[in-house]
Amino acid sequence: MPGIKVDKGLVPLPGSNNESWCQGLDGLASRCAEYYKQGARFAKWRTVVSIPCGPTALAVKEAAWGLARYAAIAQDNGLVPIVEPEILLDGDHGIERTLEVAEKVWSEVFFYLAENNVLFEGILLKPSMVTPGAEHKEKASPEAIAKNTLTMLRRRVPPAVPGIMFLSGGQSELEATMNLNAMNQSANPWHVSFSYARALQNSVLKTWQGQPENIEAAQKALLVRAKANSLAQLGSYTGEGESDEAKKGMFQKGYTY
């Protein structure tokens, strides 16, 4: 089914600690109605929270409220909203700090979703995994990331929500897949899956390089990544035979798109 990104991007949030907010609520209802007529059936809205910037209470509330208003407007116009508050990988904090911030962000997100009468059964979540900051001195194992991420979800996300589609957020292709696989080693009340961009496309784009003669090889590379993550959402991925390219991290400080 086709869907569309409906926000208008991040801009500086006045009164905050160099944080941002996501614009695009003005005129959103009419845009969503038109997108539905054109065949769209889901929508996406990305906002971000930065741990090194605090995050401030203002930034967290703005992120949660914006997501909730967007979700209500999208549903009112027949679109399934993907709710995406991304907690950026930037920083040298440990995984415990990420868990603390994630719980705060998600508690506000669901408070305002409820305040806006959003139907929980009619949304999909696209959160970041609970990991240490990208500049933290120690890497966390897939088991530790799965434990902390699932702890956060179980404390904050109602089982009425049908699906959790994780973003990769700058992890390597291999890390994103291994962490998803670890989360699916136990039963969850939601469908725990993936909505990766860089962690599906990186090795594919490097294989293709814009050259017609590389199209078939790039298609094969995409199938490798799709198959790996398909197995990971079943908890059946082993990591065998992964290329060196898949193991390379893709974190970019202050990443925007």
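The tail of the calculated P(r) for region 92-226 beyond 19 Å holds 56 percent of all Cα-Cα pairs. Projecting the Cα atoms of ASN77, ALA64, HIS93 onto the charge dipole of region 54-110 (Cβ charges, centred on the Cα centre) puts ASN77 farthest toward the positive pole. Computed over region 38-156, the alpha-carbon pair-distance distribution with 10 angstrom bins reads 14, 43, 30, 12, 1, each value a whole percent. With the charge dipole of region 3-247 set up from +1 on Lys and Arg Cβ and -1 on Asp and Glu Cβ about the Cα centre, the Cα lying farthest toward the positive end among the listed residues THR177, ALA199, ALA29 is that of ALA29.
With +1 on the Cβ of every Lys and Arg and -1 on the Cβ of every Asp and Glu, and nothing else charged, how large is the dipole of the chain about its Cα centre, in debye rounded to the nearest 20?
Details: 26 positive and 27 negative charges, 69 e Å.
Using only the charged Cβ atoms, the result is roughly 340 debye.
Could you tell me what percent of the accessible area of the chain is made up of carbon and sulfur, with a 1.4 Å probe and every protein chain present?
Working: 6620 of 12290 Å².
The value for the chain is 54 percent carbon and sulfur by accessible area.
Grab the DSSP H runs of the chain that are 4 residues or longer, score each as -39,500 (n - 2.57), total them, divide by all residues and round the 222 nm result to the nearest 500 deg cm²/dmol.
Numbers: 7 runs with 106 residues, N = 257.
For the chain, the value works out to -13500 deg cm²/dmol.
Here region 46-166 is assigned +1 on the Cβ of each Lys and Arg and -1 on the Cβ of each Asp and Glu. Its dipole about the Cα centre then comes out at about 160 debye. Global dimensions of region 1-106 from alpha-carbon coordinates: Rg and Dmax equal 14.8, 46 Å. Treating each Cα of the chain as one equal point scatterer and applying the Debye formula with no solvent, the log10 of I(q)/I(0) at q = 0.07, 0.08, 0.15 Å⁻¹ comes out as -0.24, -0.31, -1.13. Relative to the 2.2 N^0.38 Å rule of thumb, region 80-125 has a C-alpha radius of gyration ratio of 1.35. Ordering MET165, MET129, MET178, MET1 by accessible surface, largest first, gives MET1, MET178, MET165, MET129; the 1.4 Å probe counts only protein heavy atoms, with every chain in place.
Put a plus charge on the Cβ of each Lys and Arg, a minus charge on the Cβ of each Asp and Glu, and nothing anywhere else: the dipole of region 1-110 about its Cα centre is then about 520 debye.
Name the longest site-free stretch of the chain, where the excluded sites are GluC sites (Glu not before Pro) in a DSSP loop with no more than 13 other beta-carbon atoms within 10 Å. Mind showing how you got there, number by number?
On the way: sites that count: GLU135, GLU138, GLU240.
Longest stretch, sites excluded: 1-134.
Of the DSSP H helices in the chain, those that are both long (alpha-carbon extent of 20 Å or more along the helix axis) and hydrophobic (Kyte-Doolittle mean at least -0.5) are 57-76, 95-115, 215-232. Rounded, prolate or oblate for region 86-152? Axes are the square roots of the Cα gyration tensor eigenvalues, ordered a ≥ b ≥ c, and the cut-off for rounded is a/c under 1.5. Taking the square roots of the gyration eigenvalues as a ≥ b ≥ c, region 86-152 is prolate.
The values are calculated or read from the model by the stated rules, or taken from the named source; none is laboratory data. Note that the structure is a prediction, hence the values are computed from the model and not measured. So basically every Cβ, Gly included, is an ideal-geometry build from the backbone, and we count neighbours across all protein chains shown. Just so you know, the surface numbers come from the protein's heavy atoms only, side chains and all, with ligands and any DNA or RNA stripped out. Shrake-Rupley method; radii C 1.70, N 1.55, O 1.52, S 1.80 Å.
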